[in-house]
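This report concerns only the one structure given below.
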Amino acid sequence: MNLNGECTSLEDSPCNGWCTARIFGDVVCKGCGLADAELARWSRMGKMEKKLRVIDLAQHNYLIRHLQEER
């Protein structure tokens, strides 16, 4: 991710800023699709695991940051 918050890699967090897991206690975030446990361990996940998870979230039509139009 660059300093503007834009994704530069599939390893970047898919968080789009609409986290229902952290704010409302949902088990799975309705914004990006990550489970609460995944959010907690994202920084410790391996590069390949992160990339595969981001691809999976995109295939399930979550509004991940990687797919948002640049402003």
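The values are calculated or read from the model by the stated rules, or taken from the named source; none is laboratory data. Computed from a predicted model, the values in this text were never measured in an experiment. Here the Cβ positions follow ideal geometry from the backbone for every residue, glycine too, while neighbour counts run over all protein chains shown.
Hey, any hits in segment 48-56 for a residue that's modelled with pLDDT under 85, among the aliphatic types (A, V, I, L, M) and out of contact with any helix residue (DSSP H, G or I) (no Cβ under 9 Å at 6 or more places or on another chain)? No, every residue in segment 48-56 fails to be modelled with pLDDT under 85, among the aliphatic types (A, V, I, L, M) and out of contact with any helix residue (DSSP H, G or I) (no Cβ under 9 Å at 6 or more places or on another chain). The set of residues from segment 35-50 being within 20 Å of Thr8 (Cα to Cα) and within 10 Å of the chain's Cα centre (by Cα) comprises Leu39, Trp42, Lys50. Of all the criteria given as (1) aliphatic (A, V, I, L, M); (2) farther than 15 Å from Leu57 by Cβ; (3) at pLDDT 90 or above, the one not satisfied by Leu3 is (3). Mind checking which residues of segment 1-34 are among the hydrophobic types (A, V, I, L, M, F, W, C) and either surrounded by fewer than 13 Cβ atoms within 10 Å (Cβ to Cβ) or more than 11 Å from the chain's Cα centre (by Cα) (or both)? Listed by number, the residues that qualify are Met1, Leu3, Trp18, Ala21, Ile23, Phe24, Val27, Val28. Scanning segment 23-51 for residues that are among the basic types (Lys, Arg) and within 16 Å of Leu63 (Cβ to Cβ) yields a single hit, Lys30.
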